[in-house]
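So the structure is just underneath, and the comments pick up after that.
The values are calculated or read from the model by the stated rules, or taken from the named source; none is laboratory data. Keep in mind that this is a model prediction, so the values were computed, not measured. When we count neighbours, we look across all protein chains shown, and the Cβ atoms used for this are built from the backbone with ideal geometry, even at glycine.
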Amino acid sequence: MVSLRGASCSRTCNSRWGASSALACAFAIALVNGPAAAAGSLMPYRGAPLPPLLLERLAPRASDPPVQMGLPEATEGVTVVHFFATWCEPCRDELPSLSTLARQRSGLTVSVVLVAVAEVDTRVRPFFETIMPPGPILMDRDRAAARAWGVSALPSSFVFVGDAPRLFAEGEVVWGDPAVGASLLALTEPAARPDRLRK
């Protein structure tokens, strides 16, 4: 996770990202003003029920009309909702492995929804000109979705089966780790699916 501290962090915000990114950097301070953490681990989600996610999708071109989007319809696989920011170095490091997961995980369908936190379109759009996003990018410009979902650090990931959150990770996940793949695959077993558990 990103860890930035005190006055030195404020200077880093101005020198590294410039005044236009001061809000984003300040949010990084507010989120993770604490010691650096190790890579995140997927754990069972035991939080409160999550509100619906409905945000504007990042348009390929600035001239395109805005489109609101939420979570995709439930599939037989899993959906990863990934809160990130382009100014978050661990987030940038994690995105390639998340893309690989979405493309290559055999025996498992993985859908990814990216949520850009405290960002502006003019920074996010150029960022993804050099890296293929693993899924649609939703813009949480005012951090309302991050707050509503209890996101306190970036990156953070929620893994859904159907419309139910089953796993959560705060911090960078090594998505290519075989143990992570096994955890995701286990969620799709018939006995583990929420619709089967309710019967």
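Is there a residue in the stretch 60-72 that is under 20 Å from L187 (Cβ atoms) and touching a residue at least 40 places away in the same chain (Cβ under 8 Å)? Give the steps one after another, and end with the answer.
First, pick out the residues of the stretch 60-72 that are under 20 Å from L187 (Cβ atoms): 71-72.
Keeping just the survivors that are touching a residue at least 40 places away in the same chain (Cβ under 8 Å) gives 71-72.
Yes: one or more hits.
Against the definition (in contact with a helix residue (DSSP H, G or I) (Cβ under 7 Å, 6 or more places away or on another chain), surrounded by fewer than 21 Cβ atoms within 10 Å (Cβ to Cβ) and of a type outside the set (D, E, K, R)), how does G77 come out, yes or no? Give the derivation first.
Values: in contact with a helix residue (DSSP H, G or I) (Cβ under 7 Å, 6 or more places away or on another chain): no; surrounded by fewer than 21 Cβ atoms within 10 Å (Cβ to Cβ): yes; of a type outside the set (D, E, K, R): yes.
Judged against the criteria, G77 is not a match.
Considering only residues of the stretch 162-176 that are assigned to a strand (DSSP E or B) and either acidic (D, E) or modelled with pLDDT under 95 (or both), which is surrounded by the most Cβ atoms within 10 Å (Cβ to Cβ)?
Applying the first criterion (assigned to a strand (DSSP E or B)) to the stretch 162-176 yields 164-170.
Add one more test, that the residue is either acidic (D, E) or modelled with pLDDT under 95 (or both), and what stays is 164, 170.
Numbers: A164: 17, E170: 20.
Looking at the filtered set, the residue picked out is E170.
Restricted to the stretch 107-147, and to residues that are acidic (D, E) and over 13 Å from F84 (Cα atoms), which residue is surrounded by the most Cβ atoms within 10 Å (Cβ to Cβ)? Explain how you work it out, then say what you get.
Applying the first criterion (acidic (D, E)) to the stretch 107-147 yields 119, 121, 129, 140, 142.
Next, from what is left, pick out any that are over 13 Å from F84 (Cα atoms): 121, 129, 142.
Numbers: D121: 16, E129: 7, D142: 11.
Out of the qualifying residues, it is D121.
Considering each residue of the stretch 20-45, count those that are under 23 Å from D177 (Cβ atoms) and either exposed (fewer than 14 other Cβ atoms within 10 Å of the Cβ) or at pLDDT 50 or above (or both), and give that number.
Result for the stretch 20-45: 9.
Can we say R61 is in a loop (DSSP other than H, G, I, E, B), of a type in the set (K, R) and modelled with pLDDT of 90 or more? Before you say what the answer is, go through the steps one by one.
Values: in a loop (DSSP other than H, G, I, E, B): yes; of a type in the set (K, R): yes; modelled with pLDDT of 90 or more: no.
Considered against the rule, which asks whether it is in a loop (DSSP other than H, G, I, E, B), of a type in the set (K, R) and modelled with pLDDT of 90 or more, R61 comes out as no.
Read through the list (1) surrounded by fewer than 21 Cβ atoms within 10 Å (Cβ to Cβ); (2) part of a strand (DSSP E or B), then give the number of the only condition that F158 fails.
Exception for F158: condition (1).
Across the stretch 46-74, what is the total count of residues that are buried (at least 16 other Cβ atoms within 10 Å of the Cβ) and not aliphatic (A, V, I, L, M)?
1
Under 6 Å by Cβ, and 6 or more places apart or on different chains, what pairs join a residue from the stretch 118-138 that is over 16 Å from P155 (Cα atoms) with one that is at pLDDT 95 or above and outside any strand (DSSP E or B)?
Going by the 6 Å Cβ cut-off, the qualifying pairs are R123/T86; F127/T86.
So which of L53, L114, L98, L108 ends up being at negative phi, in contact with a His (Cβ under 8 Å, 6 or more places away or on another chain) and not in a helix (DSSP H, G or I)?
Values: L53 fails: in contact with a His (Cβ under 8 Å, 6 or more places away or on another chain); L98 fails: not in a helix (DSSP H, G or I); L108 fails: in contact with a His (Cβ under 8 Å, 6 or more places away or on another chain).
Result: L114 is the single residue among L53, L114, L98, L108 that is at negative phi, in contact with a His (Cβ under 8 Å, 6 or more places away or on another chain) and not in a helix (DSSP H, G or I).
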